[in-house]
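In what follows, a single structure is set out as structure tokens and then discussed.
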Ligand SMILES: [Zn+2]
């Protein structure tokens, strides 16, 4: 199981069970601001699912028929592959194509499962809205009795996770909004440019990686503003996985690549040693 260290709630409600981590909340973007802060906060008490690698994922069509474009899929695959390169496992993420009802495993590797571990879906105002809690006892003991609803109206992405044995215990239409899905708000202004992030757009590449890390059983956020898993991101900001992000995944039970800082330090020392040895030989010659 992943760690369950939790941080204080800043913007959202805690629910028992729970709607899992991975809620990135967009603060209203001031019209004149070039880099408004976007706050991210998890649902405390999020249910953690340790994934066994490789993890299979799939693109889903939204409930109102919005497909992923090839460009969007390309950016998503690239981001997931980049995140995957942080793992010591050779290919930690594998896409299931051709529908999720019939897995298409490669000829060399193990057959793909029929059901992906997580899916990616666009969602609009039907999802990113104020949800009333249907269970009157749902918030009992959570200290959140005052707020008997889930207000997703200003979120731009949400990760909802659990497993069939311990599904999130929330008054939630699971059949329509299934467990283990990452939802992206169609009402947000997303940037898909692989080389440039418009200052008024949210970088899809960055947000996707952030949400996938949550999906991998990481509930917490990083304390370092430069980290992918920091709770905030700015419009126009692109982030890459850093040592702090790998530490979160390592704590969640995955074997990750070594910290680049120590690795680079070691290489630098070796290089210096070679240089010093070369100089010494030349001097003695
Ligand atoms: Zn988050």
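The values are calculated or read from the model by the stated rules, or taken from the named source; none is laboratory data. Please read all numbers here as calculations on a predicted model, not as lab measurements. In this analysis, Cβ positions are derived from the backbone assuming ideal geometry, glycine residues included, and neighbour counts consider all displayed protein chains.
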Condition check for residue 218: crowded, with 21+ Cβ neighbours inside 10 Å, assigned to a loop (DSSP other than H, G, I, E, B), at pLDDT 85 or above and within 13 Å of the ligand (Cβ to nearest atom): yes
May I ask you to list the residues in the stretch 120-171 that are modelled with pLDDT of 75 or more and assigned to a loop (DSSP other than H, G, I, E, B)? 124, 125, 126, 127, 128, 129, 152, 153, 154, 161, 162
Of the residues in the stretch 161-203, those that are within 15 Å of the ligand (Cβ to nearest atom) and under 20 Å from residue 57 (Cα atoms) come to 161, 182, 183, 184, 185
What residue, among those in the stretch 221-242 that are near the ligand (Cβ under 9 Å from one of its atoms) and part of a loop (DSSP other than H, G, I, E, B), is modelled with the highest pLDDT? 229
